[in-house]
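Data first, discussion second: the structure below is written as structure tokens.
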Amino acid sequence: APAKCQVFRLDETSRPTATKNFFKAQTVSMQWNNLGTAVLVRTSQEVDDTGKSYYGGSHLYFLRADGEETCTVATPDGGAIHDVQWNPIQDEFFLLHGDLPCVMSLHSGKKGQKLAEFGRGHRNTIRWNTFGRFIACGGYGQLLGDTDFWDKSGKRLLGSSRLECCVVSAFAPDGRHFLAATTSPRMRVDNGIAIYDYCGNRLADLAFEELLLASWRPRPRGQFQDKDRPPSPGREKKAGDSKATGSAGGAGGGGYPAAKKQQAYRPPGAKAGGGLAELLRKELGSTQAESSSTATKVFGSGMPHSLPPGAAPGDVKPGGGGGGAAGAGSSRNARKKKAKEAAQGSSDAPEPAPAAPAAKASPPEPAADAEASPAAAATGAGDNAEVEKKVRALRKKLREMAKLKEQDPSKIDPLQREKLAGEAELIRQLRELGAEP
């Protein structure tokens, strides 16, 4: 039986306000937005039917509490769902979905459609700041720890840093500082805390022999305010310096401080990229290759969530117009119109002059003879080919008879003697064809 998600009002539990049915659900997790008007339902199963993942498949569904809007946001066909988090202030959510490097996208909390894309990267963790303005997208665990700091309101990248061995991460209550900690038992060595600003600049770090947990001190709501001011002068990083920033910022939560690593020698032919080493760096999580410094706004509904069976993404045009049968119909109409114009043009053309009397029609005869002569020549050429073929066959038989004559007569069997008796007939056929034996 399919799984079912229902939303009820506490003051009226007799009937649900919204219902969503879905299949392939073994475990379910739900996330409500800050207003309580929409919920994200994330279902997962241990086995992925598509065979793309060893860790099963997961779906993400969007459901409005009033039941006016439901949709499927992500499916296993598009890849794994790494993380999804609601904006703590506004009605929108951020999603990491797809095969690594995955797509980082912002979605509306009213209909679930995509609003903007923030490029691709090896990321699996989303952290919103308190005021829903800054977003930190990091790749932790088995990834290298590259973390991007985005200004959501300006849709621009403020900076990037590499937080190696990061286990715990969170924005401060003021929304302008970021904590990254390496804790035990996930990591038995290099335990410590590192503090960054909202642009990814490393401000301080603190080392421990063994650290079990780290978090910000809770502060009362309203103690800090987001004044919507731009980043402080000289603090914002350029997107082009993100790679240098990551190395200068240290190893993140684990290394304190990080020594400048000597770069490996690269031959001049490999500096342009595109070789095997470049491909390996992308697979290992060097996400700077596909990162973007600005977000791309998505207009309209974009591509449908699920394509028709047998259709490729290139076959479906956004908006659903101008393709398919309509395009074929317009081409047929154009061909009919062209044929009609050609027919009208031929009808308007002047009629040919009447033919001359038969008695004076001697000139066309050579033309007829000329037309007949190529056909006769072609027929003659075909006959000559058949004659040559017969001549070759007869001569082959005569050569075989000559070899038999060279053998000892006592060893010739009756069938071979009968074959030799027909030599005169073969010679006669050759002469009839105009060839010599």
When you scan segment 192-201, do you find a residue that is open to solvent by 10 Å² or more (accessible area, probe 1.4 Å) and of a type in the set (D, E, K, R), even just one? no
Total residues in segment 166-182, condition in a loop (DSSP other than H, G, I, E, B), open to solvent by 10 Å² or more (accessible area, probe 1.4 Å) and of a type in the set (A, V, I, L, M): 1
So, in segment 64-98, of the ones that are open to solvent by 50 Å² or more (accessible area, probe 1.4 Å) and over 29 Å from the mean Cα position of the chain (by Cα), which residue ends up farthest from residue 117 (Cα to Cα)? 66
Identify, from the list 320, 327, the residue that is assigned to a helix (DSSP H, G or I), surrounded by 10 or more Cβ atoms within 10 Å (Cβ to Cβ) and modelled with pLDDT under 50. 327
Considering only segment 400-437, how many residues are exposed (fewer than 10 other Cβ atoms within 10 Å of the Cβ) and among the basic types (Lys, Arg)? 2
Among the residues of segment 175-204, write down those that are farther than 28 Å from residue 296 by Cα and among the acidic types (Asp, Glu). 190
Would you tally the residues in segment 106-165 being in contact with a Leu (Cβ under 9 Å, 6 or more places away or on another chain), open to solvent by 40 Å² or more (accessible area, probe 1.4 Å) and in a strand (DSSP E or B)? 5
For segment 1-95, please list each of the strands (runs of 3 or more DSSP E) lying entirely inside it that holds at least 3 residues being in contact (Cβ under 8 Å) with a residue 12 or more places away in the chain and more than 27 Å from residue 128 (Cα to Cα). 3-7, 18-22
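The values are calculated or read from the model by the stated rules, or taken from the named source; none is laboratory data. Note that the structure is a prediction, hence the values are computed from the model and not measured. Counting neighbours? That spans all protein chains shown, and the Cβs are built from the backbone with ideal geometry, glycine included. Ligands, DNA and RNA are excluded from the accessible area calculation, which covers all protein heavy atoms including side chains. Shrake-Rupley method; radii C 1.70, N 1.55, O 1.52, S 1.80 Å.
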